[in-house]
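For reference, the structure discussed in these notes is given below.
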Amino acid sequence: MRVTDSGEGMTEEVRRRLFEPFFTTKGPDKGTGIGLATVYAAVRNHLGTISVESDTGQGSTFTMLLPVTTRRRLDPEDPVV
């Protein structure tokens, strides 16, 4: 899955910290900084990957890759494999 925006983009410094819990570039009361950390954790928990391409003034593109499986998880106690 690929998600692209036309926003202001990110610097390299922001990109390096993007998925850290509680990291935000927003001011007080404008965000918690856990949104992308949560997405990162969910993708990784499903054995996937997430990456971002972004340049200042050019927007950002997030690419998420998840493995394909034919196995159905019927029992919530089954380990995720």
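What the table shows:
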quantity: Signed unit charges on C-beta, dipole axis of the chain, positive-most listed residue Ile50, Thr4, Gly27; calculated: Ile50
quantity: Two-site label geometry, Asp29 and Ser51: point separation in nm, points 7 Å out along Cα→Cβ; calculated: 4.0 nm
quantity: Extension reserve of the Arg16-Val3 stretch, reckoned as 0.36 nm per residue once the Cα distance is removed; calculated: 2.8 nm
quantity: Which labelled figure in [x] 14.5; [y] 12.7; [z] 13.7 is Kirkwood radius over Cα pairs in Å, once derived from the coordinates; calculated: [x]
quantity: Helix axis angle, 35-45 relative to the chain longest principal axis, alpha carbon, degrees; calculated: 30 degrees
quantity: Computed magnitude of the charge dipole of the chain (debye, nearest 20; Cβ of K, R +1, Cβ of D, E -1); calculated: 200 debye
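No value in this document is a laboratory result; all are computed from the given coordinates. Keep in mind that what you see is a predicted model, and the values were worked out from it rather than measured. Because the Cβ atoms are built from the backbone with ideal geometry, glycine has one as well, and the counts that use them run over all protein chains shown.
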